[in-house]
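What follows is a set of notes on a single structure, which appears directly below.
The values are calculated or read from the model by the stated rules, or taken from the named source; none is laboratory data. If you're wondering where the values come from, they're calculated on a predicted model, not measured in any experiment. Because the Cβ atoms are built from the backbone with ideal geometry, glycine has one as well, and the counts that use them run over all protein chains shown. We work out accessible area using only protein heavy atoms, side chains counted, and drop any ligands, DNA or RNA first. Shrake-Rupley method; radii C 1.70, N 1.55, O 1.52, S 1.80 Å.
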Amino acid sequence: MVMIAVLSCFVLAALAPRLHSLTGRQTGWLLALLPAAIFLYFASLIPLISSGETVRHAYQWLPSMAIQFSFLVDGLSLLFVLLISGIGFFILAYAGRYQEGHPALGRFFLFLLGFMGSMLGLVLSDNLISLFVFWELTTISSFMLIGFNHEDDDTRKKAHQGLMVTVFGGLALMTGFIMLGMAAGSFELSEILAGPSLTEHSLYLPMLGLILLGAFTKSAQTPFHFWLPNAMAAPTPVSAYLHSATMVKAGIYLLARLHPTLGGSASWLTILTLIGALTMLTGIILASRSTGIKRVLAYSTVMALGTLTMLLGLGTEKAALAAVTFLLAHALYKGALFMIAGILDHEAGVKDFRDVSGLRRLMPKTTLAAMLAALSLAGVIPLFGFIGKELLLEAVLSGSRWQLGLTIATVTANIFVVLVGALLALKPWFGKTITTPKAAHDPGPALLAGPLTLAALGLLFGLMPAIPADYLLRAAASAVYGEPVSGTLALWHGINLPLMLSVLSLSLGLLLYRFWTGWREHTIFIERLSQFGPEAGYNKLMQGLVSFSTWQTKTLQNGNLRHYLITTLATVVLLVGWAVLRLDKIALNIDFSGLQLQEVTVVGLLLITVLAAVTAKSFLVSVALIGALGFGVALIYVFFSAVDVGITQVLVETITVLLLVLVLYRLPEFRQLSSRANRARDATIALLSGGLITVLILLVTNASSMNSISSYFLEKSVSEGYGRNVVNVILVDFRALDTLGEIFVLALVAIGVYSMMHLRTGVLPVTNADKRHAVQKQREKSAKTGVKP
């Protein structure tokens, strides 16, 4: 059932465009039935999981490589699944109305459901390899979602930026996973977590660094945080989903999942707490200076991700409980706030705090949801965000290392969090009403159901924290900590130091809100510093790559085929030849005693054919002689009983010669022969290349370090490959992955050829939907500028 839940998202994603063409504006609600069903199924597992049990399903994928589709449901994965499916239900319904009328809405649903399935697979996978596959699928699908409005150059640039950063981290993560599997002796997470800690393993530091690099890039930790705010170029439903409960928390999930195995060391504590604290402060300070509503939310998400990383770095029982509590609170209020930002854009036409105020009378329901969510963000009692903040302060205060520094950083961050919460709770709704570009009003249920429900849950869980604690959070914290966690959640713990720090941060945050404009003016230097920040470094790196690519293209890929061959062959001769010369013993053992007359005759004819081909002064003569050379090679195959390979050689050679003749027949004769110096150079490289290949073949055939596998293929061809043609069985069975790779290469070439055949002035053919969307964009542009299209 778990596997069906994951794969059903991909099936429905493939059907989404067709369903949209049939059901129109109701598609969002219809597609939302799937995440609703997934939510209900996994919710039925809550009693079992909360009692300390786990559920595991395994399906064989590549048994010979110990790779299987295995899924694990415990407290941590269940928490993420309920967030992904629950918020996903509201996002699909929301997107159907928010994106209504977009000509590519069906494609949007395809990407969104594909992303949902990828995230479900990621958090449920019990195998490192399948987890990595789903990890990369989230990268690809999020790239398609962020760059959905691909007509805009800036959107494409920002989507590409997010892709490059996360793919870089993904490559590091793949290497780290391989090292982790080798160190643990298994690629199954359940077996790795049940085994001993790997902190003393010789591979610990390199695999920890690689895994952390993958997690940090995905979850936008400093210095990789810059891609997340730029991803706000995506449509608001994407921002609400990817940046509340899904993609950006994938790295947090990975750190939490591997904490029992990799956590607890000094390296883990140092790296995660310092990077987390730095990210927390960086995100919230940048949020306090921003004026775009979605950008403020994005930077506050960076703050939340840094906070979670810091808590996981502390690694205590209190920190584990605080982490999962803070994660749930953040998903509830941030999902609601992103959708409210979309409502302001959709219903009022505003995206900036400076352009809006006094909407509470025009949008009372939206105001209510916004205030509840924003106050939870600020950590105001009695909302669930207040409990999360209290647990955060308790965890930091109980830490044994860097307690003072982390406490100061946390309180400072909370002050700015209160400022951001006040901006979101007060600025758009109170004060003098400003006329908005659109007639502001509360939206329909499709847009408002999500924010109201999520905000109401924040209030409910704040008033009754035992509900999430007993049924979900304690089990999730136990999975993170690696041992049963017995902590409890309560709205009131009496007057203590965390409460006093909360009151202090609330007071200073409201004071800072009062002087928000002055704060922005006095911190203008932060914007100037951005030109030296990580994003500037990324841009410089990309420019350097482009410059290097331009240089190497002019130098190595200048359109001269002879130059390509010379460079390639000379490089191979130098590198491989040097490796051969460094061998301790070179045993060629050339023996001509078994040669027969027909074999000598064929080899002599081949040599004569080669000499004639390289000295010919006609295209057609050269092609004909090369064809004769191929037929001679086919004869050698026949002499050594490889008749099927000989037939294949004849067929390939015949087709190649015919195609070359058809093309070259229309070309003129050689107009200019190469100089003697060039021919001498080419002959030297050719002789060295051929000689090197000959030496390598002789070395391989004379090597006796390994037994021949020919007998294995002959023995297993019929019994396991179910074929008597051994060569065919090797290609389609024993070496099926190689053949599959070749098929992929041919498919990519075919796609490239198809694209080139359909190029018209450098533009690929567009669909009618694309044309209608382009016309709509042009009309909108002309309406703004007053210039007729």
What is the number of the single condition among (1) over 19 Å from Ala476 (Cα atoms); (2) open to solvent by 10 Å² or more (accessible area, probe 1.4 Å); (3) touching a residue at least 40 places away in the same chain (Cβ under 8 Å); (4) touching a Leu at 6+ places or on another chain (Cβ under 8 Å) that Ala231 does not meet? (2)
Among (1) closer than 28 Å to Thr571 by Cβ; (2) modelled with pLDDT under 75; (3) under 44 Å from the mean Cα position of the chain (by Cα), which single condition is Gln672 missing? (3)
Cβ-Cβ below 9 Å, separation at least six or inter-chain, first residue in region 391-417 and assigned by TED's automatic domain parsing to the domain that holds Ile275 and within 18 Å of Ala266 (Cα to Cα), second open to solvent by less than 10 Å² (accessible area, probe 1.4 Å) and part of a loop (DSSP other than H, G, I, E, B): which pairs? Leu406/Gly399
Selection count where residues are of a type in the set (S, T, N, Q) and farther than 30 Å from Gly185 by Cβ, scope region 98-146: 3
Criterion first (among the hydrophobic types (A, V, I, L, M, F, W, C), part of a helix (DSSP H, G or I), at pLDDT below 95 and open to solvent by 30 Å² or more (accessible area, probe 1.4 Å)) does Met182 satisfy it? yes
State whether one or more residues within region 60-68 are open to solvent by less than 10 Å² (accessible area, probe 1.4 Å) and either modelled with pLDDT of 95 or more or under 23 Å from Leu189 (Cβ atoms) (or both). no
Could you check, for region 445-453, whether at least one of its residues is surrounded by fewer than 20 Cβ atoms within 10 Å (Cβ to Cβ), over 26 Å from Trp519 (Cα atoms) and either of a type outside the set (Val, Ile, Thr) or modelled with pLDDT under 95 (or both)? yes
Residue check, Leu145 against (1) open to solvent by 40 Å² or more (accessible area, probe 1.4 Å); (2) touching a residue at least 40 places away in the same chain (Cβ under 8 Å); (3) of a type outside the set (D, E, K, R), all met but one. Which one? (1)
In region 461-505, which residues are crowded, with 17+ Cβ neighbours inside 10 Å, under 23 Å from Ile49 (Cα atoms) and among the aliphatic types (A, V, I, L, M)? Ala469, Leu472, Leu473, Ala475, Ala476, Ala477, Ala479, Val480, Val485, Leu489
Could you check Thr567 against (1) open to solvent by 70 Å² or more (accessible area, probe 1.4 Å); (2) in contact with a helix residue (DSSP H, G or I) (Cβ under 9 Å, 6 or more places away or on another chain) and say which number it fails? (1)
Residue list for region 387-426, filter: open to solvent by 10 Å² or more (accessible area, probe 1.4 Å), not in a helix (DSSP H, G or I) and not charged (D, E, K, R): Ser398, Ser400, Trp402
Can you work out which of the residues in region 78-133 that are outside any helix (DSSP H, G or I) and of a type in the set (Gly, Ala, Ser) is nearest to Pro47 (Cα to Cα)? Ser125
Tally the residues that are over 22 Å from Thr155 (Cα atoms) and small (Gly, Ala, Ser), restricting the search to region 220-276. 10
If you check every pair at least six apart or on different chains, which have Cβ atoms under 6 Å apart with a residue in region 685-712 that is under 30 Å from Gly723 (Cβ atoms) first and a residue that is modelled with pLDDT of 85 or more and surrounded by fewer than 12 Cβ atoms within 10 Å (Cβ to Cβ) second? none
Just to be sure I understand the filter: pairs with C-beta atoms under 9 Å, separated by 6 or more residues or on different chains, first member in region 249-265 and over 23 Å from Met303 (Cβ atoms), second member crowded, with 24+ Cβ neighbours inside 10 Å and charged (D, E, K, R). Which pairs pass? none
When region 190-230 is examined, which residues are found to be touching an Asp or Glu at 6+ places or on another chain (Cβ under 8 Å) and within 22 Å of Met179 (Cα to Cα)? Ser190
Checking Ser202 against (1) modelled with pLDDT under 95; (2) under 24 Å from the mean Cα position of the chain (by Cα): exactly one of these is not met. Which one? (2)
I need the full set of residues from region 697-726 which are open to solvent by less than 60 Å² (accessible area, probe 1.4 Å), in a helix (DSSP H, G or I), of a type outside the set (Lys, Arg) and in contact with a helix residue (DSSP H, G or I) (Cβ under 9 Å, 6 or more places away or on another chain), in order please. Leu699, Phe713, Ser717, Val726
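Among the residues that make up region 26-37, is at least one of them under 23 Å from Thr325 (Cβ atoms), open to solvent by 10 Å² or more (accessible area, probe 1.4 Å), among the small types (Gly, Ala, Ser) and assigned to a helix (DSSP H, G or I)?
No.
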